[in-house]
Amino acid sequence: MPLRPGRRWVPRLKWTLRVLVLTLVTWGIWKTVEQARHEFAAQRFDLEDVHVGYLVAAGVLYVAGFVPSWVFWHRTLWAMGQRPRWGESLPAFWIGHLGKYVPGKAMVVVLRTGLIFSERVNRTVAATSVFVETLTLMAVGAGVSALALLLTTSHPALFWLAVALMIGAGLPTLPPVFRQLVKLLQVQRANPEIHRAIAGVDLRLMAFGWLIVGVGWVLLGVSLWATLRAIPGAGAGWDEPWPAIPLLTATVGLAMVAGFLSLIPGGLGVRDWVLMALLAPAYGTRVALVSAVLLRIIWLLSELVVSAILYVNLLRTRRRAPTGG
C-alpha cells in the first residue's frame with residue numbers, strides 16, 4: 001500500500017533515526033577504546049605479552065555470563081503476555097547491549113525495543129520488560145557482591161555500598177512496588193492494557209530471575225579470573241579459580257552495578273575505581289589497572305562480535321520471511 005503524500009517523510013525519518021543511533025553507538029565505543037589505549041600507554045603495557053588463550057576464554061565466559069539474563073528477559077516478556085521467539089529476543093538482547101556506550105543508557109531500551117517489536121510484541125510492554133530485566137541484573141549483582149565482600153574482605157565501605165545498590169535497584173522490581181511505579185509513571189497512556197501485562201511480573205518470576213542471574217554473575221567473576229591469568233606474573237598462586245571466585249565475582253558485580261548507575265557511558269572511571277579498590281591489595285596497583293582495561297576491551301570485543309553475527313543473521317531471516325499482502 002503506497003504512502004499518502006503527507007506521509008512520505010516517514011521512511012526518511014526512520015532512516016535518519018537509524019543513522020543517528022548508529023552514530024551515537026559508534027561514538028561511545030570509540031571513546032571506550034581510546035580511553036583504554038591511553039591507559040595502556042600510561043602503564044607502558046604491551047599487548048603482545050598477554051596470554052591470548054585466557055583472553056579468549058574471558059570473552060567466552062562473558063558471553064556465557066549474560067545468557068541467564070537473556071533467558072530471564074525472554075521469560076519476562078512471556079509472563080507479560082508477549083510472544084517473541086528465542087531467535088528474536090537473542091539479537092535484540094545482545095545488540096541492545098551496545099546502547100550502554102551512549103550517555104544516559106536510554107539507548108539500550110531504544111535498541112532492544114526496536115528490534116523485538118512485532119505483531120506479537122507490544123512496544124510499550126517490551127520497554128517495560130527491559131527495565132525489569134536490567135534492574136534485576138543490577139540488584140542481583142549488588143547482592144552477590146555484598147555477600148562475597150562479607151565473606152572475603154575487610155572493605156566495610158564497599159560492602160555497605162553494595163547493600164545500598166542492591167536495595168536501590170531491587171526495590172523497584174518488587175511486584176507491588178513495580179506496579180505502583182508503572183501507575184505513577186502513567187505508562188497506561190501509551191498502552192491502556194499495560195496493567196494486564198505487569199500482572200505477570202510476580203514473585204515467582206522474580207525468584208527465578210534472582211536464581212538464574214546469580215549464576216551469570218559467577219561466570220562473569222570467572223571471566224575476570226581468566227583476564228588476570230592472561231597477564232604475565234599476575235596469577236602467581238591463583239592457578240585454580242575457585243579460591244579467588246568470591247572476591248572476583250564481588251569485584252565484577254560491584255564495578256558493573258556502580259558503573260551502570262553512574263549513567264556514564266560504559267561506566268568509565270567508576271568501574272575502574274571499584275576494580276582498583278578490590279584487586280590492588282591482592283594483585284598490586286599496576287596489575288589491577290591493566291586487568292581493568294583488558295577486561296573492558298575483551299568484553300567490548302565480545303559484544304561486537306556476537307552482535308555482528310546476530311545482526312547479520314537477523315537481516316537474512318527477515319529477507320527470507322514472506323512479506324504478506
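In this label model, residue 85 and residue 64 are separated by 2.8 nm, measuring between points 7 Å along each Cα→Cβ vector.
Using +1 at the C-beta of Lys and Arg and -1 at the C-beta of Asp and Glu, which of 76, 285, 192 has the Cα lying farthest in the positive direction of the dipole of the range 48-314? Checking the options against the dipole of the range 48-314, the answer is 192. Dipole check for the range 123-203: with +1 at the C-beta of Lys and Arg, -1 at the C-beta of Asp and Glu, and the Cα centre as origin, the magnitude is about 260 Debye. Overall, the range 48-314 carries a charge dipole of about 880 debye about its Cα centre when +1 sits on the Cβ of Lys and Arg and -1 on the Cβ of Asp and Glu, all other atoms neutral. Just want to confirm a number: the relative contact order over the range 48-314, from Cα pairs under 8 angstrom separated by 6+ residues, in percent. In percent, rounded to a whole number, it is 29.
Average 1/r across all pairs of distinct alpha carbons in the range 134-221, invert it, and you get the Kirkwood radius: 14.2 Å.
Can you work out the FRET efficiency for the pair residue 203 and residue 286, with r the C-beta to C-beta distance and R0 = 35 Å, to the nearest 0.05? Calculated value: 0.15.
Readers should treat all values here as calculations from the given coordinates under stated rules, not as data from a laboratory. Everything quoted here is computed from the prediction, not taken from an experiment. Using ideal geometry, Cβ is built from the backbone for each residue, glycine included, and neighbour counts are taken over all protein chains shown.
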